[in-house]
Protein chains: 2
Amino acid sequence: METRRDVFQAIADPTRRAIIGMIAKQTINVNSIAEQFDISRQAVSLHLKILAECDLLNIRQLGRERLCEAKLEKLNEVHEWVDQYHKLWKERLSALKSFVEQEELQPKSTKKTNKKNANNTNKSKRK
Amino acid sequence: METRRDVFQAIADPTRRAIIGMIAKQTINVNSIAEQFDISRQAVSLHLKILAECDLLNIRQLGRERLCEAKLEKLNEVHEWVDQYHKLWKERLSALKSFVEQEELQPKSTKKTNKKNANNTNKSKRK
DNA sequence: TATATATGCAAGTATTTACTTGCGCAAATT
DNA sequence: AATTTGCGCAAGTAAATACTTGCATATATA
């Protein structure tokens, strides 16, 4: 029950994303969070524990309460991962756009055969 | 085995992230992907199925092969979710910065008691 | 001090994962 | 026509998840 535990896995659960949304606004205690959900306090507590393990939040004791504070900077890992593809995608969009525009200018002339292009099957069975 | 299935869950698995990384570069067939991993072809195939269900990739048949093509735009959902917090975090960083700077200018004078600040416990037990 | 409150810990359960192995089939290759 | 190749389907398994209920404990509060 403690093998993989990274930020990606942490935000995979919708309840945990909702929790992040709550504590991102303001630091609140465990019960206040639990009240917002239909699941038991224990279940929420476990989610908080997971989030804390992933360093997505900070729990500090204040009397009998435990205040949960978001550590949004830990989402950077996800941000960077997604961003590389986001950029790649936008790049391709504009590339496609200019391709189409160029195609409109010189129709049917020097178009190469890019039909069997995607076929990069590994014929070499090296296993 | 088909309850929750969203993009966040899809990218939670490191193998699936690796697969996305592979097909983002170029469209390749199932076996070529499977060869890159230590797990069985079936396991990879299942990951691909999950990714396809989440619309993160397109599988099209070409003869006896199945070409997997990335649909990076589907990562937008994740991008947007993370980005809101990314922005929020950066915002707070600069807010903190200007606070510190202001603090340095007028030391100890009008500093409010922001010690018991975080304590917004819901005293009203409405359940 | 007795009681209510905030919360953790432990044990137990139903589902879901992530895999595996074995089989089958259709499209290429020989 | 026979064989190889690419890949899905199905059944089975081990481990992880997401929860629950019950109990314990420390801190406020009446």
From the gyration tensor of the Cα coordinates in segment B:40-97, what semi-axes in whole Å does the equivalent ellipsoid have, largest first, with each one equal to sqrt(5λ)?
38, 12, 7
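Rounded to the nearest 20 Debye, what is the dipole magnitude of segment A:7-72 about its Cα centre when Lys and Arg each give +1 and Asp and Glu each give -1 at the C-beta?
The calculation lands at about 120 debye.
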Using a 7 Å Cα-to-Cβ projection, residue A:6 label spacings across copies, nm, ascending
2.1
7 Å along Cα→Cβ, label-point gaps from residue A:31 to other copies, nm, shortest first:
6.3
Taking each residue of A:51-63 in turn, how many C-beta atoms of other protein chains fall within 10 Å of its C-beta, and what is the average?
1
Determine the shape class of segment B:7-74: with a ≥ b ≥ c the square roots of the Cα gyration tensor eigenvalues, call it rounded for a/c under 1.5, and otherwise prolate if a/b is greater than b/c, oblate otherwise.
oblate
Test item: B:75-82 mean partner chain Cβ contacts at 10 Å
6
Residue B:84 label points, 7 Å along Cα→Cβ, one per copy: pairwise distances from this copy to the rest in nm, shortest first?
2.6
For residue B:74 the rounded accessible area (nearest 10 Å², probe 1.4 Å, non-protein molecules ignored) is 80
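The values are calculated or read from the model by the stated rules, or taken from the named source; none is laboratory data. Model, not experiment: these values are computed from the prediction. Note that each Cβ is placed from the backbone with ideal geometry, even for glycine, and that neighbours are counted across all protein chains shown. Only protein heavy atoms, including side chains, enter the accessible area calculation; ligands, DNA and RNA are left aside. Shrake-Rupley method; radii C 1.70, N 1.55, O 1.52, S 1.80 Å.
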